[in-house]
Amino acid sequence: MKIGLISDTHGRVHPRIHEIFAGVDLILHAGDSGGDDVLDELEIIAPVFAVAGNVDSVSTRQPLKRIVDLPIGRIAIAHGHEYPVKPDQRAAELCGTFRPNRVRLILYGHSHIQRMEQREGIHIVNPGAASPPRFNHAESSVGILACDGPNADLRFEFVKLEWRKSGCG
């Protein structure tokens with residue numbers, strides 16, 4: 001199974017996303033999509049499971065938190081804006097929130113900073129922001145998760161996205 005990991009698109013789909021996510025079985029969006037147009041565009045590639053971020057409206061399509069049961073295990077998604085700002089505290093609280101659900105992976109966004117760690121056997125991953133760089137993050141990125149089954153290792157690849165300074169993709 002191959003899964004596209006994306007967050008913080010802020011209303012824009014990078015022109016390379018179709019190429020990068022070609023062949024994925026599904027896409028997980030960790031919030032701040034910036035609108036249904038982004039999710040509609042991603043659904044051209046593969047089915048999308050998304051959550052609402054602090055710039056989105058909570059809806060059936062984008063709940064605040066989500067658990068997705070997949071052949072490779074259970075995955076939790078939350079944007080992360082409701083958790084502490086410090087990365088270690090955020091990861092600890094995300095783990096505490098979703099541990100009872102017996103998840104294998106927690107996907108989150110919000111900070112615009114790519115991060116990956118493991119706590120108590122749970123992978124906690126932020127693919128970075130897919131939008132043009134803003135605030136203090138220096139680059140944009142997305143992730144790809146590959147896994148051969150429920151007991152197989154999770155393999156992550158992160159892809160840097162280049163945005164031209166003109167703001168155009």
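Bear in mind that the values in this text are calculations on the coordinates, not laboratory data. Fair warning: this is a prediction, and the values are worked out from it, not measured in the lab. Note that we place each Cβ from the backbone using ideal geometry, even for glycine, and neighbour counts take in every protein chain shown.
Overview of values
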{"quantity": "Given (1) β-branched (V, I, T); (2) surrounded by fewer than 19 Cβ atoms within 10 Å (Cβ to Cβ); (3) outside any loop (DSSP other than H, G, I, E, B), number of the condition I113 does not satisfy", "calculated": "(3)"}
{"quantity": "Identity of the residue in the stretch 116-130, touching a strand residue (DSSP E or B) at 6+ places or on another chain (Cβ under 8 Å) and assigned to a strand (DSSP E or B), that ends up surrounded by the most Cβ atoms within 10 Å (Cβ to Cβ)", "calculated": "N126"}
{"quantity": "Which listed residue, of L70, L42, L64, is surrounded by 14 or more Cβ atoms within 10 Å (Cβ to Cβ) and within 15 Å of I144 (Cα to Cα)", "calculated": "L42"}
{"quantity": "Residues of the stretch 71-95 classified as under 16 Å from the mean Cα position of the chain (by Cα) and either of a type in the set (D, E, K, R) or within 16 Å of H29 (Cα to Cα) (or both), total", "calculated": "10"}
{"quantity": "Any hit, the stretch 77-88, residues being surrounded by 19 or more Cβ atoms within 10 Å (Cβ to Cβ), in contact with a Pro (Cβ under 6 Å, 6 or more places away or on another chain) and not hydrophobic (A, V, I, L, M, F, W, C)", "calculated": "no"}
{"quantity": "Matching residues in the stretch 3-18 - criterion: being small (G, A, S) and more than 12 Å from G128 (Cα to Cα)", "calculated": "G4, G11"}
{"quantity": "Condition check for A22: touching a Leu at 6+ places or on another chain (Cβ under 6 Å) and either of a type in the set (A, V, I, L, M, F, W, C) or under 23 Å from D148 (Cβ atoms) (or both)", "calculated": "no"}
{"quantity": "Qualifying position, being in contact with a helix residue (DSSP H, G or I) (Cβ under 8 Å, 6 or more places away or on another chain) and without any contact (Cβ under 8 Å) to a residue 40 or more places away in the chain, among Y108, Y83", "calculated": "Y83"}
